[in-house]
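Following: one structure in structure tokens, then a few remarks.
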Amino acid sequence: MTRPSAVEVAFEALGRKGVGPAGFSAAREWSLTTQLPAALHLAALKPAKDLPGIKLTIRSNLDRVDLTFREIALVELLRDPEVYVEAGGP
């Protein structure tokens, strides 16, 4: 038996509703960057303690409860796309 993934640990601590990737983790979810984040970065509606290997950003918009994991990643990318999306060729 293997260890649970960081996402599975986060879901256990935070629940599944309103939780999704943020930062470079969101860009990786949509295959918009080749960079591998040092830690899983998640956006959630509530704080949690002691989540090793997970960077947590708390968001207060309760409308996120109805969004899927990938939809939250897209919303997070739209917050600052110039930072997280690699530029293409000419």
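In the range 51-67, which residue that is open to solvent by less than 70 Å² (accessible area, probe 1.4 Å) and assigned to a loop (DSSP other than H, G, I, E, B) is farthest from residue 18 (Cα to Cα)? Reasoning before the result, please.
Initially, the range 51-67 is screened for residues open to solvent by less than 70 Å² (accessible area, probe 1.4 Å), giving 51, 53-54, 56-57, 59, 64-65, 67.
From what's left, assigned to a loop (DSSP other than H, G, I, E, B): 51, 53, 59, 67.
On the way: 51: 17, 53: 19, 59: 9, 67: 7 Å.
Looking at residues that are open to solvent by less than 70 Å² (accessible area, probe 1.4 Å) and assigned to a loop (DSSP other than H, G, I, E, B), I get 53.
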Query raised in the report: Among the residues of the range 14-71, which ones are more than 21 Å from residue 3 (Cα to Cα) and among the polar types (S, T, N, Q)?
Result: 31, 33, 34, 35, 57, 60, 61, 68
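For residue 73, indicate whether it is among the small types (Gly, Ala, Ser) and touching a Leu at 6+ places or on another chain (Cβ under 8 Å). Show your work before the answer.
Working: among the small types (Gly, Ala, Ser): yes; touching a Leu at 6+ places or on another chain (Cβ under 8 Å): no.
Spelling it out, it is not the case that residue 73 is among the small types (Gly, Ala, Ser) and touching a Leu at 6+ places or on another chain (Cβ under 8 Å).
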Query - Residue among 48, 27, 43 that is open to solvent by less than 40 Å² (accessible area, probe 1.4 Å), assigned to a loop (DSSP other than H, G, I, E, B) and touching a residue at least 24 places away in the same chain (Cβ under 8 Å) - result: 48
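Which one of 86, 8, 76 is open to solvent by 30 Å² or more (accessible area, probe 1.4 Å) and modelled with pLDDT of 90 or more? Walk me through how you get there before you give the answer.
Working: 86 fails: modelled with pLDDT of 90 or more; 76 fails: open to solvent by 30 Å² or more (accessible area, probe 1.4 Å).
Result of the check over 86, 8, 76: 8.
The values are calculated or read from the model by the stated rules, or taken from the named source; none is laboratory data. As the structure is a computational prediction, the values presented were derived from the model and not from experiment. So basically every Cβ, Gly included, is an ideal-geometry build from the backbone, and we count neighbours across all protein chains shown. For the accessible areas, the whole protein counts, side chains as well, though only heavy atoms, and no ligand, DNA or RNA atoms are used. Shrake-Rupley method; radii C 1.70, N 1.55, O 1.52, S 1.80 Å.
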